Each structure stands twice: as structure tokens, then as C-alpha cells.
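Laboratory data are not the source of any read-out in this text; all were calculated from the coordinates shown. Being a predicted model, the structure only gives us computed values, none of them experimental. Virtual Cβ from ideal backbone geometry, glycine too; neighbours counted across all protein chains shown.
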């Protein structure tokens with residue numbers, strides 16, 4: 001089973017990739033809680049909902065509860081609520097209620113309860129649990145809420161991630177992870193400029209804007225290269241690449257978008273003058289990630 005987003009433009013994945021590797025779902029609720037505590041709350045919310053959706057899309061809620069991922073059901077419910085998805089949270093809460101007033105964190109206990117609820121006898125094959133469709137009502141609700149492929153929920157996850165990641169000045173118990181975001185952020189904007197992945201997801205989130213206006217917004221949001229914390233760590237090659245790109249940006253004839261004074265676009269929507277300097281900056285930053293202390297980002301595998 002694969003666990004990561006299909007669309008490599010999924011911004012939220014870039015925020016949780018480290019937590020995905022470090023937070024254990026296999027060693028019980030205490031270890032899970034300790035792992036989540038090392039990251040900002042919003043990262044934990046995204047991680048838990050990510051696991052939930054991956055399991056659900058692969059094999060339904062039964063698979064989620066049968067596997068080790070089921071340990072984080074309470075955290076996924078809380079995460080959905082904090083994301084502003086109370087109906088989805090209620091659907092998972094109803095599914096959790098099947099297991100009784102004390103939610104079993106051990107997957108063997110959950111499995112035995114599902115067998116009993118499904119009326120499966122000891123000699124019956126496991127497929128009999130699936131045939132009982134214990135979670136059909138909740139799954140129908142999720143399909144209605146999330147739409148095809150849970151895209152509504154994934155879209156909200158991206159928005160939630162962008163809302164929190166943009167506040168890079170906010171220090172948390174996991175300040176190191178905010179610093180890592182400072183190093184990654186410029187490449188997220190350059191990704192759009194260089195069309196390393198399809199632009200359509202960004203266009204859908206900023207309807208009515210031209211590509212140059214979308215990039216202007218993204219660069220304004222994710223250009224952390226002049227933040228003191230990051231600028232102090234840049235080497236001479238990186239500083240020169242950043243300076244060259246900023247110089248090209250400043251020389252272009254940006255025009256304010258009507259009714260959006262904080263957004264600008266280019267005549268003819270022409271981003272080509274930025275591509276060469278942008279490509280150089282992107283590769284210099286990516287090449288030097290390890291030197292800056294951030295793990296190389298290979299992009300998310302398919303879900």
C-alpha cells in the first residue's frame with residue numbers, strides 16, 4: 001500500500017514529510033503522543049488525517065481500524081475539527097463509537113470487536129467482516145463530504161497547511177521544523193514558475209488570477225531568502241543566485257491587479273524572463289539542502 005499524495009503539488013505533504021518519517025504509529029498511543037508532541041499541533045493534524053485518508057482510499061474504514069493506523073483515530077477526529085471539517089469528524093466519530101465507550105488502541109482488540117459486531121464465527125474467513133459492511137453509513141457520509149478521491153478534504157488540508165506555514169515567524173516547541181520550512185519555502189514558489197508539476201491545482205485555489213499573478217502571490221508568501229534566520233546560513237553561491245533572481249523580479253513591469261492591490265501581474269502574463277534565473281536558484285537551493293541542514297526533498301510518492 002502506498003501512503004503519499006498522487007498530486008505532487010500537494011503542499012501539505014511538504015509540511016508533514018519529516019513527521020511522517022519520525023512519528024511512530026506502531027508502538028501504541030503513548031509513543032504516538034510523544035512523537036506528535038515534537039511537532040506543531042497543525043502538523044500532527046495533517047499527519048493523522050493523511051494516514052486516515054490513505055487507509056480509507058485503499059481499503060475503507062475497516063482497513064484503517066484493522067491496521068496500526070487505527071491508533072490515531074481520536075487524533076484524526078480532532079484534526080478534522082480544527083481544519084473546519086466537523087461533518088467529516090462526526091463520521092469518523094460514529095465509526096469509532098462502534099468499538100464502545102473506551103476506544104481500543106490495540107489493533108488486535110479492534111479486530112476482535114469488528115469480528116464480534118459482524119457476527120463472524122471463529123471458523124469463518126476474514127472476508128466475512130467486510131461483507132457485514134460495518135462502516136457503510138459512515139463511508140457513505142465521507143463520500144458525500146469529501147467528493148471523488150476525497151478531494152474536498154485534501155484541498156482543505158492544503159489550505160490549512162498554507163495558513164499555518166505562512167506564519168514562519170511563530171516559534172513553537174518544534175521551532176526547528178519552522179526553520180526547515182524557511183529553507184524549503186522558496187522552492188515551492190519556484191516549482192510553479194518552472195512548471196515542475198501541473199499548475200492547475202494552484203489555479204483552482206486562486207480562481208480568476210493569471211499565472212503571473214499566482215506566482216507573484218506565491219513568491220510573496222514563500223520567499224524566505226531574506227529572513228535573517230535563513231540569510232545567515234546561505235553560502236555565497238546561494239546568495240548570488242537569490243540576488244540575481246530578485247534583480248530580474250524588480251526589473252519586470254509588474255502591474256497591480258484590479259481590486260487586488262496586494263497582487264501584481266505581468267503584461268501578456270509572460271513569466272519567461274524569470275525562468276532562467278529561477279531555474280538556477282531552484283537547483284542551487286535544492287543542491288545545497290543537505291548543507292543547510294534539511295533533508296533532500298524527493299517529492300511524495302503516489303497514493
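Fully extending the segment from residue 38 to residue 112, taken as 0.36 nm per residue of separation minus the present Cα-Cα distance, adds 23.4 nm.
When Rg is the radius of gyration of the Cα atoms in region 11-153 and Rh is its Kirkwood radius, what does Rg/Rh come to? Walk me through the numbers before you get to the answer.
On the way: Rg = 15.0 Å, Rh = 15.5 Å.
Here the Rg-to-Rh quotient is 0.96.
The fewest-to-most ranking of 57, 234 by surrounding Cβ atoms within 10 Å reads 57, 234. By other beta-carbon atoms within 10 Å, ranking 114, 162 with the fewest at the front produces 162, 114. Of 254, 42, the sequence from fewest to most neighbouring Cβ atoms within 10 angstrom is 254, 42.
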